[in-house]
1. Within segment 125-160, work out how many residues are closer than 12 Å to ILE289 by Cα and part of a strand (DSSP E or B).
2. Restricting to segment 259-285, give me the number of residues that are modelled with pLDDT of 95 or more and on the phi > 0 side of the Ramachandran plot.
3. Which condition from (1) surrounded by fewer than 19 Cβ atoms within 10 Å (Cβ to Cβ); (2) outside any loop (DSSP other than H, G, I, E, B); (3) at pLDDT below 95 is the one that TYR76 breaks?
4. Just one of ARG32, ARG46 is assigned to a loop (DSSP other than H, G, I, E, B), more than 26 Å from ALA280 (Cα to Cα) and modelled with pLDDT of 85 or more; which is it?
5. Report every pair of residues separated by at least 6 positions or lying on different chains whose Cβ atoms are under 7 Å apart, first residue within segment 28-52 and within 19 Å of ALA95 (Cα to Cα) and touching a residue at least 40 places away in the same chain (Cβ under 8 Å), second small (Gly, Ala, Ser) and not in a loop (DSSP other than H, G, I, E, B).
6. Can you list residue pairs whose Cβ atoms sit under 9 Å apart, with the first residue in segment 297-314 being acidic (Asp, Glu) and the second being loosely packed, with under 13 Cβ neighbours inside 10 Å? Count only pairs 6 or more apart in sequence or on different chains.
7. With (1) in contact with a helix residue (DSSP H, G or I) (Cβ under 9 Å, 6 or more places away or on another chain); (2) at pLDDT 85 or above as the list, and ALA95 as the residue in question, which single condition is left unmet?
8. Residue under question is LEU223, and the condition is that it be outside the structural domain of ARG88 (by TED's automatic domain parsing), modelled with pLDDT of 95 or more, of a type in the set (A, V, I, L, M, F, W, C) and within 16 Å of the chain's Cα centre (by Cα); does it hold?
Amino acid sequence: MAGQRLDRYLAERHPEISRARWQEWIETGQVRVNGQPVYKPAYRLRPGDVVDYTLPPDRPPDFDLTPEAIPIPIVYEDEYLLVVNKPRGLTVHPAPGHPHGTLVNALLAHCPSLAQGSAVFRPGIVHRLDKDTTGLLIVAKTDLAHARLSAALQRRAIERRYMALVWGVPKRTQWTVDAPIGRHPTLRKKMAAFPPEAVQQGKARPARTHFALVRHWNHFALLAARLETGRTHQVRVHASASGHPVVGDPLYGGVRKPPQSCPAPIAYALEQLQGQLLHAAELHFVHPITGEPITLRAPLPDDFEQFLRLLDAYDAPEGR
């Protein structure tokens, strides 16, 4: 069975439980491989893997797919898909700790018919953004659109660009972080960058991010990040691995006490931040049905722009 997907393997062993239910169970951390939750239904089994689990109940009792009238900015929509500009603080789909009030609940109020997707608790969702990351996210309305968009994502045919405000000023104007990403060995909510051999060991998956310096101040820099892969927390992990964590990021070193040389208005603004200053700013992809090339851009959210204006006023290098 080496090379088989984990969700397919489990569905074949227990045909009385649907593959979609196994996908839910895997993504909520209830299936372990070699003692660690894997969270990825597409994980490929390797020789020697030990899989353990408890059979799932009929339905996670705290997941609520009731439509909710939550305002969501829509930047593109047709009969096959839509693209939203996700606001900060909105979780993408129901999960333990976030049973309702999610983007999925809002989408179901706007469009009751969404693609089934890879799991019933996240209909239509093609890819995800962290709760406190803002920006563009694709949602499929039909199963065919979802399948083709997911395939395009797998073959890296959907280009995603982020803007990130980071601590410190990089010495380079362009660089690439090529470091596999996997679940942190001791902290379940965190991911971590691993050495290359971790891929063969099954501890991490390949991950590559291209960074470019857009502008800088005395204590901060604005980076453009282009994803070549799409791992969980990828920009945040790779920015931190570069020595420049995303400002406001509580998991990867972005919440810190500013140096004494940092002006007081900026120090105060840092205390008021509600999450990391990371924004999914651009999407480039081919429409899954019509074949039309689509390019979408979303401006920085107001709190991000306000922070940049504060930097211009109080932290600009001399001579600028």
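The values are calculated or read from the model by the stated rules, or taken from the named source; none is laboratory data. Only a predicted model underlies this, so the values are computations on that prediction, with no experimental measurement involved. Cβ coordinates were reconstructed from backbone atoms using ideal geometry, including for glycine residues, and neighbour counts include every protein chain displayed.
1. 1
2. Going through segment 259-285 one residue at a time, the tally reaches 0.
3. For TYR76, the failing item is (3).
4. Details: ARG32 fails: assigned to a loop (DSSP other than H, G, I, E, B).
Result: ARG46 is the single residue among ARG32, ARG46 that is assigned to a loop (DSSP other than H, G, I, E, B), more than 26 Å from ALA280 (Cα to Cα) and modelled with pLDDT of 85 or more.
5. THR28/ALA95
6. ASP303/GLN272; ASP303/GLN274; GLU305/PRO299; ASP312/ARG320
7. Against the list (1) in contact with a helix residue (DSSP H, G or I) (Cβ under 9 Å, 6 or more places away or on another chain); (2) at pLDDT 85 or above, ALA95 comes up short only on (2).
8. Numbers: outside the structural domain of ARG88 (by TED's automatic domain parsing): yes; modelled with pLDDT of 95 or more: yes; of a type in the set (A, V, I, L, M, F, W, C): yes; within 16 Å of the chain's Cα centre (by Cα): no.
No, not satisfied.
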